[in-house]
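First the structure, in the form of structure tokens, and then the observations on it.
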Amino acid sequence: MGGAAESRRALVTGASSGLGRALAAWLAARGVTVVAAARRRAQLEELREEAARGGGVIEPLELDVADVAAVRERLLEIDGRDGGLDLVVANAGAGEITSARKLDWEACERILRVNVLGAAATLTAALPGMLARNRGHLVAIASIAAVRGLPNNAAYGASKAFLRTFMESLRVDLATTGVKTTCVFPGFVKSEMTAPNKFAMPFLLETDDAAARIGRAIFAQQAELWFPWQMALPARALGLLPSPLYVRLARRMSPKRKGG
């Protein structure tokens, strides 16, 4: 049975704001000691103080997940003390417009370093220790955008599709062990990353609502979580369409750009 007792010590990346911060606070409020990792130390200290006022324990960790070597070194160190990590949540993410008609390679690289290399390093660093203890839980925050190639989102969508396949393979390999996996596919959630969006964000979720859904799925040890259903169902249906038909539909969704 899942629950806080089985997740005594957790690590959450991207915890200085948005979904990562809300999830770290949610877990801490339920008795989980949370190592909250992010680049911005000041925000992590604020989170620690807020959690402490409610009796929760947050341990700030200044970390840039784009620095893969540092991620592996620090997580191996953390997993080597205090009984190891019971839960690792690869939440840190980056997102920018990457239109093929005016491709910004620097933007692509930023997204892939954080969402692919950084996430994979986060998820696998503590895995040997979890296997040795025969317990643990790996969680990746993907996106509904993982289902198909969306207009102007080649790098972001592909990075989340990587997580979908990566986590499924881990789930297959770990099926007979005590290590569990969960892959989360949210729609639009209020955060610093979505705030600048100029386009419509249907069924936009409050950050705390999304964090609570993810927290409950973690405690229930769900293999996958897709939400909200109003976006998840149509998106997964689109995944079944033949490519030529999908491309025609996706082109209609694409905003018209001057010169594009």
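Read-outs throughout are calculated quantities, based only on the coordinates presented, and are distinct from any laboratory measurement. Here the structure is a predicted model, which means the values were calculated and not measured. Virtual Cβ from ideal backbone geometry, glycine too; neighbours counted across all protein chains shown.
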field: Lysine pair number, Cα distance threshold 25 Å (strictly under), the chain, separation 8 or more or different chains
entry: 11
- line: Assertion target for VAL114, VAL12, ordered by fewest C-beta neighbours within 10 angstrom first, is VAL114, VAL12
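Average projected area of the Cα convex hull of the range 22-89, in nm²?
Details: hull surface 17.8 nm².
Convex hull of Cα atoms, orientation-averaged projection: 4.5 nm².
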For the chain: rounded, prolate or oblate by the Cα gyration tensor [a/c cutoff 1.5]: prolate
message: Taking the beta-carbon count within 10 Å as an exposure proxy, list THR176, THR165 from fewest neighbours to most.
response: THR176, THR165
message: Defining a contact as two alpha carbons under 8 Å apart and six or more residues distant in sequence, what relative contact order in percent does the range 99-251 show?
response: 24
query: How do ARG81, ARG48 rank when sorted from fewest to most other Cβ atoms within 10 Å of their own Cβ?
result: ARG81, ARG48
- request: Report the residue, chosen from ASN91, ASN134, ASN153, that carries the largest GNM mean-square fluctuation when the chain is represented by alpha-carbon nodes joined by springs under 10 Å.
  value: ASN134
task: For every helix of n ≥ 4 consecutive DSSP H residues, a contribution of -39,500 (n - 2.57) applies; sum these over the chain, divide by its total residues, and give [θ] at 222 nm rounded to the nearest 500 deg cm²/dmol.
output: -13000 deg cm²/dmol
field: Gaussian network model of the chain, springs between alpha carbon atoms under 10 Å - residue of SER16, SER143, SER243 with greatest fluctuation
entry: SER243
message: List the residues, sorted by chain then number, that are 5 or more residues from VAL189 or on another chain and whose placed amide H is less than 5 Å from its amide H.
response: LEU205
- prompt: Semi-axes of the range 50-205's equivalent ellipsoid from the Cα gyration tensor, sqrt of 5 times each eigenvalue, largest first, rounded to whole Å?
  reply: 29, 18, 16
- line: Largest fluctuation, LEU138, LEU123, LEU150 only, Gaussian network model of the chain with Cα springs under 10 angstrom, belongs to LEU150
